[in-house]
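Data first, discussion second: the structure below is written as structure tokens.
The values are calculated or read from the model by the stated rules, or taken from the named source; none is laboratory data. Just so we're clear, the structure is a prediction, and the values are computed from it rather than from any experiment. No Cβ is skipped: glycine too gets one built from the backbone with ideal geometry, and neighbour counts run over all protein chains shown. The area values use the complete protein model at the heavy-atom level, side chains included, leaving out ligands, DNA and RNA. Shrake-Rupley method; radii C 1.70, N 1.55, O 1.52, S 1.80 Å.
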Amino acid sequence: MSLAHDENGDDFMKLLEANHIKHFVNDRLLIDVEQLQIHKSDRIGLVGKNGSGKTTLLNILAKAQAPDSGTVATHAICELLPQLKQMDTTTRSGGEVTQDYITKSLAKNPAILFADEPTTNLDTNHIEWLEKKLKNWQGAFVIVSHDRAFLDALCTTIWEIDEAHIKEYKGNYSDYMEQKELAHRQHEMAYEKYEKKKSQLEEALKLKEKKAARATKAPKKVSPSEAKITGAKPYFAKKQKKLNKAAKAIETRLEKLEKVEKVKDVTPVKMNLPNEEAFKNRIILRITDMSGEIGNRILWKPISFHVRGGDKLAIIGSNGCGKTTLAKKMINHDKGITISPTMKIGYFSQNLTILNSEKSILKNVSSTSKQTETFIRIVLARLHFFRDDVYKQVKVLSGGERVKVALAKLFVSDINTLILDEPTNFLDIEAVEALESLLQEYEGTVIFVSHDRRFVENIATRILSFDNNEITIFNGTYADFKRFEPQEKRDSKEDQRLLLETKISEVLSRLSIEPSEELEMEFQKLLKEKRELDQQ
């Protein structure tokens, strides 16, 4: 499977071909691909649920793992950037190790780069650094990533792995989602058409069966003596046979009618929050002249700001700048922080200590909730735990599934403020989008640390940004924040000119009312400053 390519063009030179690939995990068929091709100009994003086989397929294509059957033929040098990087014993951070892996992989100048979650442990600045590197890079690549903005910036093709098979979509991740949405709408229309046709046939069948049943009875307008006339019974018997035959034909049409499954509806989530009336749109957290330090190191200079009930505040910045430290200060009500008594906080961190691994998903989530089981099941279904899934013990779940359970437990707890530290780590794109939709509907406060730009863009109504030991508060979305040009970065000459013109107008106004030598001197001085500025 690949996009149509002109084999004569250098940019369309075939670099890799995989045929009849099958791979099993225990008895489960994980990958079943008839054909895949990679050409010189390809920029491919590989997406799918956790456990769908993305990493395995990448390893097979890079020849780091052999499939159970099938062949992979390469006509160029390939390089695999693995998801799990070998951490060294030095004091380097995970982000620094990832950058080192990326730099070394690209330095080899392979014709095909296979990259498995290359943005792991990278902050936003370094994700954007990697984007620039790959945009200018001449080789082909296949990238597994849950970072939708990253896939949008780089990919021209999306491979979706689902139920062991791969389906190809032209365009970047947003184009892929549009095509999926179109298919979803077409499915809905097909289901409506199917239901309408089925209903029509069922009504017609009932009518024919009713008529057939009536055909055995003597008509009301016929007297008993007339009904006994020879030939009456055969006539009704023939009529009944004909009606039964018509009914059977309709039944056959019903059986042959191609069934269309109903599209799963997303059940909206609306719950009552504690202290809702006293909390909504009121100041619930106030930070006054608070700085951040670790030992002798200053993380941020003194800052004052407040948070209102219902705010969705994203905390962004480079690794190690103090984002988690600030979140923990809020939770611990440190010096300089005033908390409203109406505020009830729930905290999510990556250590997942709020889960009991010996209990089921449902018991874990229900243990701290006042919500009904029906509501809890709705939230779990939104996070793709359906029906009997909720009875699975937490200890058998994958890392990503445990994160979803912890988030669900927090979401339905008796709280009105969520503080989330990197909640999208270990989640596949589908799970991230499910969490997004829940948080968009949530009427409480959400304060969250994240490097996921699309997640921040879709959730945040305010931005708290760390930069060079300073914190900036921006009231608006992430898209507005990215477009915002801080005052000090604007043209200082233009600002100075505007200020001088304002002062000149003010002095002229005063001169016209009360002329004085002092005002005249000030006026001349301002004119001189403006002339000098214009000459510059």
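Once phi is turned into θ = phi - 60°, what whole-Hz ³J(HN,Hα) does the Karplus curve with 6.51, -1.76 and 1.60 give for every residue of the range 195-202, x standing for Gly and Pro?
Those phi angles translate into 4, 5, 5, 4, 4, 4, 5, 5 Hz.
Restricting to Cα pairs below 8 Å that are 6+ residues apart, what does the relative contact order work out to for the range 70-209? Please round to a whole percent. If you can, show how the numbers build up before the last one.
Values: 134 pairs, mean separation 23.4, N = 140.
This gives 17 percent for the range 70-209.
I'd like the Karplus ³J(HN,Hα) series for the range 149-159: coefficients 6.51, -1.76, 1.60, θ = phi - 60°, whole numbers in Hz, and an x wherever there's a Gly or Pro.
5, 5, 5, 5, 5, 10, 8, 10, 9, 10, 9
For the chain, what relative contact order do you get, as a whole percent, if you take Cα pairs closer than 8 Å and at least 6 residues apart? Mind dumping the intermediate values first?
On the way: 846 pairs, mean separation 63.7, N = 536.
12 percent.
Assuming 0.36 nm per residue, please report the length gained on full extension of the stretch GLN240 to LYS370 beyond their Cα-Cα distance.
On the way: separation 130, 0.36 × 130 = 46.80 nm, distance 6.14 nm.
In short, 40.7 nm is gained.
Would you mind calculating the gained length between GLU514 and LEU533 on full extension (0.36 nm times residue separation, minus the Cα-Cα distance), in nm to one decimal? Before the final figure, lay out each step's value.
Numbers: separation 19, 0.36 × 19 = 6.84 nm, distance 2.83 nm.
Additional length available on full extension: 4.0 nm.
Could you calculate the contour length gain from SER398 to THR325, that is, 0.36 nm times the residue separation minus the distance between their Cα atoms, to one decimal place in nm? Intermediate results must be reported in sequence, preceding the final value.
On the way: separation 73, 0.36 × 73 = 26.28 nm, distance 2.78 nm.
Length difference between fully extended and current span is 23.5 nm.
Per DSSP helix of 4 or more residues, -39500 (n - 2.57); summed, then divided by the residues of the chain. What does that give at 222 nm, rounded to the nearest 500? Can you show the working numbers first?
Values: 17 runs with 223 residues, N = 536.
Calculated from helices alone, the mean residue ellipticity at 222 nm is -13000 deg cm²/dmol.
Given +1 on the Cβ of Lys and Arg, -1 on the Cβ of Asp and Glu, and no further charges, what dipole in debye does the chain carry about its Cα centre, rounded to the nearest 20? List each step's numbers first, then the result.
Values: 84 positive and 80 negative charges, 952 e Å.
Approximately 4580 debye in magnitude.
Identify, among ALA213, VAL365, PRO423, the residue whose Cα sits farthest towards the positive end of the charge dipole of the chain, taking +1 on the Cβ of Lys and Arg and -1 on the Cβ of Asp and Glu, with the dipole about the Cα centre.
Value computed over the given set: ALA213.
For the range 130-182, what relative contact order do you get, as a whole percent, if you take Cα pairs closer than 8 Å and at least 6 residues apart? Let's see the in-between values first.
Numbers: 44 pairs, mean separation 14.2, N = 53.
The value is 27 percent.
Looking at the calculated P(r) for the range 297-452, what percent of the C-alpha pair distances fall above 23 Å?
On the way: 4570 of 12090 pairs.
Everything past 23 Å amounts to 38 percent.
Choose one of LEU526, ILE44, SER413: the residue whose Cα lies farthest towards the positive end of the charge dipole of the chain (beta-carbon charges +1 Lys, Arg; -1 Asp, Glu; about the Cα centre).
Farthest along the dipole direction, towards plus: SER413.
Give the residues of the range 137-162 whose amide nitrogen is closer than 11 Å to a point set 7 Å from the Cα of MET13 in the direction of its Cβ.
In the range 137-162, the label zone of MET13 (backbone N under 11 Å from the point 7 Å along Cα→Cβ) covers no residue.
In the set (1) 75, 25, 16; (2) 52, 30, 19; (3) 59, 36, 29, which value of semi-axes √(5λ) of the Cα gyration tensor in Å was calculated from the structure you see?
(3)
Probe 1.4 Å, all protein chains in place: accessible area of TRP137 in Å², nearest 10?
Solvent-accessible area, nearest 10 Å²: 30 Å².
Suppose R0 equals 60 Å; then what is the FRET efficiency for ARG185 and GLN496 from their Cβ-Cβ distance, rounded to the nearest 0.05? Before the final figure, lay out each step's value.
Working: r = 55 Å, r/R0 = 0.92.
According to the calculation, E is roughly 0.60.
Volume per residue, Å³, of the convex hull around the alpha-carbon atoms of the range 66-157?
Values: hull volume 11.3 nm³, N = 92.
Hull volume over Cα atoms, normalised by residue count, gives 123 Å³.
Just to be sure I understand the model, the point goes 7 Å from the Cα along the line to the Cβ. What's the resulting LEU201 to SER505 distance in nm?
Spacing of the two 7 Å Cα→Cβ label points: 7.6 nm.
Ignoring ligands, DNA and RNA, what accessible area per residue does the range 311-448 give at 1.4 Å, in Å²? Can you show the working numbers first?
Working: 5480 Å² over 138 residues.
Per residue, the range 311-448 has 40 Å² of solvent-accessible surface.
So who's got an amide H within less than 5 Å of the one on LEU30, skipping anything under 5 residues away but keeping other chains? H placed 1.01 Å off N, in plane.
Answer set, sorted by chain and number: HIS23, PHE24, VAL25.
Explain nothing, just the number: dipole magnitude of the range 394-475 about its Cα centre with +1 on each Lys and Arg Cβ and -1 on each Asp and Glu Cβ, in debye rounded to the nearest 20. Let's see the in-between values first.
Values: 7 positive and 14 negative charges, 50 e Å.
Once rounded to the nearest 20, the dipole reads 240 debye.
Cα gyration tensor of the range 275-357, axes a ≥ b ≥ c as square roots of the eigenvalues: rounded (a/c below 1.5), prolate (a/b > b/c) or oblate? Before the final figure, lay out the partial values.
Numbers: a/c = 2.01, a/b = 1.17, b/c = 1.71.
Since a/c reaches 1.5 but b/c is at least a/b, the shape of the range 275-357 is classed as oblate.
Of the beta bridges DSSP finds with both residues in the chain, what % are antiparallel, to the nearest 5? Working shown, then result.
Values: 40 of 75 bridges.
Taking every DSSP beta bridge with both residues in the chain, the antiparallel ones total about 55 percent.
Listed highest first by mean packing, meaning other Cβ atoms within 10 Å per residue, what order do 248-255, 470-477 come in? All intermediate terms of the calculation are to be shown ahead of the outcome.
Numbers: 248-255: 13.1, 470-477: 15.9.
Descending mean neighbour count gives 470-477, 248-255.
Quick one: with all protein chains in place, what share of the accessible area of the chain is carbon or sulfur, to the nearest percent (1.4 Å probe)? Present the calculation step by step, with values, prior to reporting the outcome.
On the way: 15120 of 30190 Å².
Heavy-atom surface of the chain belonging to carbon and sulfur, 1.4 Å probe: 50 percent.
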